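First the structure, in the form of structure tokens, and then the observations on it.
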Amino acid sequence: MERKYQSFEAEKERFTEIKDVIKQRLTKLVKRVKRIRTDVLDLRKEFFEDVTVNLTEMDDAIETQASLKQQAEFLSERERHHDQQDQAFRQLSRLYEQPFFGRIDFKETGEEEIEPIYIGTASLLKKNEEDFYIYDWRAPIASMYYDYPPGKAAYHAIDETIEGEITLKRQYVVKHGELKAMFDTGLTIGDGLLQQVLGETADTTMKNIVATIQQEQNKIIRHEKKQDLIVQGVAGSGKTSAALQRIAYLLYRYRGELTAEQMLLFSPNPLFHTYVSSVLPELGEDQVEQVTFYNYLEQQLGRRFVIETPFDQLEALLTDSASDVRQENMRYKASLDFKRKVDCYLSDLKKRGLAFRNIRFRDHVIVSKQELTRHFYRMDPNEPVHVRLMQLRDVILASLKDEQKQLMDADWLEDELELLDLDDYQAAYEQIEREQDTMDWFNHAEREQQILKLRLINKLFKPLRQKIKRLQFVDTKRTYVRLFDQEDLHDEAFNKVRHETQKQLSESFLTYEDATPFLYFEKVCLGFDEHGAIRHVILDEAQDYSLFQLAYLKKIYPNSQMTLLGDVHQTLYLHGLSEDHVLRSLENADVLTLNKSYRATEQLVNFSKGLAKEDAYKILPFVRQGEKPAIYEVDSKYMMFHKIVEELNRFRSLAYEQLAIITKTKQEAQTVTEWLHNHEVDAHLVTSETHEFEPGIKVLPVYLAKGIEFDAVIVYDTSSLHYHTELDQYLLYTACTRAMHALTLVSHQKVAPWLNNVDPSTYQHHKIMEIHAPKKDQD
Ligand SMILES: Nc1ncnc2c1ncn2[C@@H]1O[C@H](COP(=O)(O)OP(=O)(O)OP(=O)(O)O)[C@@H](O)[C@H]1O
């Protein structure tokens with residue numbers, strides 16, 4: 001049987017043929033898009049010209065309204081059409097640059113033909129609308145490209161499994177719209193191509209990996225079961241990449257049922273937002289909303305409290321300024337033990353303890369807190385607190401009406417009528433006009449006065465009504481503070497943190513660890529505004545979430561499937577050190593693991609895995625060669641900086657562009673940046689407010705480097721004085737695993753203890769002593 005397109009020449013012809021087809025379609029599409037755009041612009045310009053606006057008579061007004069509606073519908077239909085065509089245009093343009101990246105030849109069992117399946121970022125149908133030039137990488141048949149080596153293979157299409165044999169598996173290198181090379185591959189997807197891709201230098205934004213998705217990553221991307229999914233993946237194993245390709249896959253697979261607005265990505269920091277933002281548009285999908293958990297907390301509580309950022313919480317730990325009580329608080333408030341305590345207290349509130357605020361109007365108490373308490377606790381105790389509060393709210397709003405009526409005779413009201421504006425007078429006038437036919441008013445002036453007074457009262461009461469609707473008559477803060485009034489003989493951790501919690505709450509300050517429990521407490525009291533529309537929540541860097549935070553997220557996104565991606569080795573928060581880790585917590589979740597690290601060279605992985613806290617043997621490198629990491633142990637700060645500059649120069653001479661100096665704290669990052677500036681080295685300090693990733697040298701604390709990678713990394717001062725706690729070990733591992741090609745550790749004096757346990761054959765160790773600093777650098 002004749003095999004199609006075997007030689008490179010034949011492939012080139014095929015490549016050109018497809019590009020020609022795309023070009024023709026693009027030409028047509030450009031004309032169409034232009035035409036529709038002109039239509040839309042004309043329609044917008046002439047919107048009112050085609051409508052006769054006549055509002056004098058009721059019938060005319062109705063007619064005018066109908067024709068306006070028709071015109072608006074027509075316009076929005078054209079706009080929609082324009083958007084669709086524009087999207088098709090962008091998709092075709094992308095395909096024109098790289099029509100396909102892979103191919104499998106598949107012989108279905110029982111069929112004679114071997115079909116070549118070309119795979120690209122989108123499908124391209126032939127004229128007959130049945131056959132394909134190119135299959136979208138997410139199409140069921142394309143899954144075999146990622147899942148099988150040549151030989152027996154199968155895929156699922158709708159309700160059946162189709163079996164057969166892959167007779168050829170091929171990958172292509174396309175650059176600047178030209179086919180440059182091809183590889184026929186075996187077991188994994190093109191070690192050749194993957195080598196090439198991974199060997200490239202880092203970028204300021206993340207790349208998509210559709211051409212080289214690995215089998216174990218494909219399982220994550222195409223996980224379709226209803227259960228939640230937990231991915232434990234070692235550093236650089238492609239968790240974030242898999243998460244983004246998964247979003248693109250789900251949007252394709254459930255097109256028409258699932259939209260980008262129904263998905264939500266929780267990410268670690270604003271810099272990360274920008275870093276990953278190009279992947280989905282590159283794959284032709286809309287951006288999904290990205291939010292940090294802190295932003296979410298701020299949005300919910302920021303008007304009433306100052307909330308500590310997670311980075312400030314970490315800084316307190318890293319600079320050893322967190323007292324024992326504070327550390328206990330971090331651990332305890334993250335735990336499900338504390339959640340159970342809160343739940344217990346919430347259940348108690350059904351019977352007693354809810355604190356209310358007086359409802360006042362102009363310093364006058366309309367409903368006292370005692371009355372509210374009495375009324376609330378006379379309601380059906382079997383009803384949940386939030387349901388009873390809704391009922392109470394309706395009672396208060398009704399009684400407010402009586403209160404308003406009584407004010408009609410108040411003397412001050414007349415004086416304040418001038419607070420009304422022209423619209424109020426106009427409205428009063430129109431109301432009298434309307435009433436004239438049905439009511440027999442003797443005195444217009446009197447009626448007008450009455451209407452105006454009513455309007456004024458309504459206006460004055462509006463803010464109060466809104467507060468009542470938002471249940472602000474419940475004093476949630478005070479109620480929560482009461483939880484900490486009494487000691488608990490059986491709960492030592494609770495007793496330890498009680499006073500501190502009360503003190504901070506009274507100052508309207510919420511530590512990061514306190515913010516979620518308080519928000520949870522308040523939501524259960526007042527009722528959850530569940531985000532029912534969100535169908536999929538993705539948590540990247542999931543190891544940083546506490547069990548309490550995860551329970552909270554489960555509660556507010558009740559109709560959502562969750563994908564958690566994290567790495568136990570990269571834990572940065574105290575709560576992550578506990579046995580009950582978020583990545584082990586979800587019941588009935590599917591758990592998938594990624595053990596191979598693609599980011600770094602074999603030499604870097606072999607070194608950094610020696611720093612990993614648990615199961616280090618499971619971390620496998622992808623075979624890509626580079627230099628061994630270097631550790632410089634020096635005896636002065638000056639020498640440390642001197643070495644940093646030397647290394648930066650060396651890295652630049654190797655054509656590495658994205659260079660980072662990773663410190664433990666923000667203060668150190670600042671010191672290093674200042675030193676470099678003083679010595680005429682251009683470096684950018686990255687802070688928690690940095691949103692854009694600038695090319696060049698970056699100096700940043702390790703927690704801001706999460707999820708991001710650099711060509712070469714220098715880890716600042718890895719001495720034992722500096723890195724010694726259990727958490728420090730995780731930090732050091734995280735910092736070292738940010739490097740793709742080169743890694744240097746500089747240490748002022750003796751290195752951190754775990755570095756001594758790393759296999760010495762995996763790195764070069766240099767001790768440099770006695771270089772004296774110039775006068776200006778001696779401190
Ligand atoms: N299949 C693949 N093909 C090409 N590149 C890949 C593949 N998998 C991962 N990579 C690359 O490896 C690097 C690390 O990927 P990614 O950031 O997704 O890993 P991660 O597991 O989220 O890392 P970390 O937890 O350390 O932040 C990226 O440069 C990514 O492009």
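The values are calculated or read from the model by the stated rules, or taken from the named source; none is laboratory data. All figures in this text were calculated on a predicted structure; none of them were measured in a lab. Every residue, glycine among them, receives a Cβ derived from its backbone with ideal geometry; neighbour counts consider all protein chains shown.
Quick notes on this structure:
Residue-wise test of (1) in contact (Cβ under 8 Å) with a residue 40 or more places away in the chain; (2) outside the structural domain of Arg624 (by the TED database); (3) within 16 Å of the ligand (Cβ to nearest atom); (4) closer than 16 Å to Glu115 by Cα.
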site	(1), (2), (3), (4)
Ile158	no, yes, no, no
Val173	no, yes, yes, no
Gly177	yes, yes, no, no
Val234	yes, yes, yes, no
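- Unique match (being crowded, with 21+ Cβ neighbours inside 10 Å and farther than 30 Å from Pro695 by Cα) among Phe305, Phe266, Phe272: Phe305
- Scanning region 183-193 for residues that are under 37 Å from the mean Cα position of the chain (by Cα) and either exposed (fewer than 14 other Cβ atoms within 10 Å of the Cβ) or at pLDDT 90 or above (or both) yields Gly186, Leu187.
- Test for Glu674: is it charged (D, E, K, R) and part of a loop (DSSP other than H, G, I, E, B): no
- Entry remark, region 93-151: residues being on the phi > 0 side of the Ramachandran plot and modelled with pLDDT under 90 number 1 in total.
- Test: residue in region 618-634 that is among the aromatic types (Phe, Trp, Tyr) and outside the structural domain of His679 (by the TED database): no
- First in region 236-249 and near the ligand (Cβ under 6 Å from one of its atoms), second anywhere and outside any helix (DSSP H, G or I) and β-branched (Val, Ile, Thr), Cβ under 8 Å, 6 or more apart: Gly236/Thr737; Gly238/Ile209; Lys239/Val231; Ser241/Ile209
- Pick from region 297-322, criterion among the acidic types (Asp, Glu) and out of contact with any Ser or Thr (no Cβ under 8 Å at 6 or more places or on another chain), ranking: nearest to Asp529 (Cα to Cα): Glu298
- Region 226-264 - residue that is more than 16 Å from the chain's Cα centre (by Cα) and of a type in the set (Gly, Ala, Ser) and, of those, farthest from Phe607 (Cα to Cα): Gly256
- Single residue of region 250-280 satisfying the filter (part of a loop (DSSP other than H, G, I, E, B) and out of contact with any helix residue (DSSP H, G or I) (no Cβ under 9 Å at 6 or more places or on another chain)) that is farthest from the ligand (Cβ to nearest atom): Gly256
- Tally of residues being closer than 22 Å to His569 by Cα, more than 7 Å from the ligand (Cβ to nearest atom) and either crowded, with 23+ Cβ neighbours inside 10 Å or assigned by the TED database to the domain that holds Leu620 (or both) across region 216-232: 3
Let's see how each residue does on (1) without any contact (Cβ under 8 Å) to a residue 24 or more places away in the chain; (2) β-branched (Val, Ile, Thr); (3) within 16 Å of the ligand (Cβ to nearest atom):
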{"site": "Asp682", "(1), (2), (3)": "yes, no, no"}
{"site": "Asp717", "(1), (2), (3)": "no, no, no"}
{"site": "Glu726", "(1), (2), (3)": "no, no, no"}
{"site": "Tyr730", "(1), (2), (3)": "no, no, yes"}
{"site": "Thr737", "(1), (2), (3)": "no, yes, yes"}
{"site": "Val746", "(1), (2), (3)": "no, yes, no"}
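- Residue check, Ile213 over 30 Å from Ile697 (Cβ atoms), within 11 Å of the ligand (Cβ to nearest atom), crowded, with 17+ Cβ neighbours inside 10 Å and touching a residue at least 24 places away in the same chain (Cβ under 8 Å): yes
- Filtered residue count, region 197-208, keeping only those that are near the ligand (Cβ under 10 Å from one of its atoms) and either surrounded by fewer than 21 Cβ atoms within 10 Å (Cβ to Cβ) or in a helix (DSSP H, G or I) (or both): 6
- Filter result (in contact (Cβ under 8 Å) with a residue 24 or more places away in the chain and either under 30 Å from Leu397 (Cβ atoms) or loosely packed, with under 13 Cβ neighbours inside 10 Å (or both)) within region 489-509: Leu505, Ser506, Ser508
- Residue selection: Tyr573 fails the criterion of being under 30 Å from Met263 (Cβ atoms), assigned by the TED database to the domain that holds Gly527 and surrounded by fewer than 21 Cβ atoms within 10 Å (Cβ to Cβ).
- Near pairs, Cβ below 7 angstrom, 6+ apart or cross-chain, from region 510-535 (at pLDDT below 95) to any residue that is of a type in the set (Phe, Trp, Tyr) and surrounded by fewer than 21 Cβ atoms within 10 Å (Cβ to Cβ): His531/Tyr557; Ile534/Tyr557
- Of all residues in region 319-331, those satisfying the criterion of being in a loop (DSSP other than H, G, I, E, B), of a type outside the set (A, V, I, L, M) and either touching a helix residue (DSSP H, G or I) at 6+ places or on another chain (Cβ under 7 Å) or without any contact (Cβ under 8 Å) to a residue 12 or more places away in the chain (or both) are Asp320, Ser321, Ser323.
- Test result for Ile468, assigned by the TED database to the domain that holds Asp424, closer than 30 Å to Ile432 by Cα and either out of contact with any Asp or Glu (no Cβ under 8 Å at 6 or more places or on another chain) or modelled with pLDDT of 85 or more (or both): no
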